[in-house]
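First the structure, in the form of structure tokens, and then the observations on it.
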Amino acid sequence: MSLPLKTWTGRLERRLLAAGSKSERQGLVLRLDEGQVLPVRRLGGSDFRDEVLEPLLGQRLQVRARQLESGLLQIESWTRA
């Protein structure tokens, strides 16, 4: 069963993810207008560095994404909001 594609709006930020684990790293998150913070990855992008999304840091975006069971938003498309 395919996960639904939804629209999310928030500010793209860099945060520490998986703190204290072997997977600890700086990663991209979308801080939603409601305050919730969700990790993001562009479909086909890297967990560790995304040269396509990184120039958009600090900007408000509207993304079309699927939310995986882990909570990660897998972004398929985006526009500036």
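How many residues are in contact (Cβ under 8 Å) with a residue 24 or more places away in the chain and over 12 Å from the mean Cα position of the chain (by Cα) if we restrict to the range 37-58? Summing the residues that are in contact (Cβ under 8 Å) with a residue 24 or more places away in the chain and over 12 Å from the mean Cα position of the chain (by Cα) in the range 37-58 gives 1.
For Ser23, indicate whether it is without any contact (Cβ under 8 Å) to a residue 60 or more places away in the chain, among the small types (Gly, Ala, Ser) and assigned to a loop (DSSP other than H, G, I, E, B). Can you show your working first?
Numbers: without any contact (Cβ under 8 Å) to a residue 60 or more places away in the chain: yes; among the small types (Gly, Ala, Ser): yes; assigned to a loop (DSSP other than H, G, I, E, B): yes.
Yes; evaluated as a whole, the condition is true for this residue.
In the range 22-37, what count of residues is obtained for those that are surrounded by 17 or more Cβ atoms within 10 Å (Cβ to Cβ) and either in contact with an Asp or Glu (Cβ under 6 Å, 6 or more places away or on another chain) or closer than 9 Å to Trp8 by Cβ (or both)? Walk me through how you get there before you give the answer.
Let us first name the residues in the range 22-37 that are surrounded by 17 or more Cβ atoms within 10 Å (Cβ to Cβ), namely 27-30.
Those left that are additionally either in contact with an Asp or Glu (Cβ under 6 Å, 6 or more places away or on another chain) or closer than 9 Å to Trp8 by Cβ (or both): 29-30.
Selection size over the range 22-37: 2.
Here Leu16 meets each of (1) at pLDDT below 95; (2) in contact with a Pro (Cβ under 9 Å, 6 or more places away or on another chain); (3) hydrophobic (A, V, I, L, M, F, W, C) with one exception, condition (2). Note on the range 26-44: among residues that are more than 14 Å from Arg66 (Cα to Cα) and not in a strand (DSSP E or B), the one that is modelled with the highest pLDDT is Gln36.
The values are calculated or read from the model by the stated rules, or taken from the named source; none is laboratory data. Note that the coordinates shown come from a computational prediction; the quantities given were computed from them, not determined experimentally. No Cβ is skipped: glycine too gets one built from the backbone with ideal geometry, and neighbour counts run over all protein chains shown.
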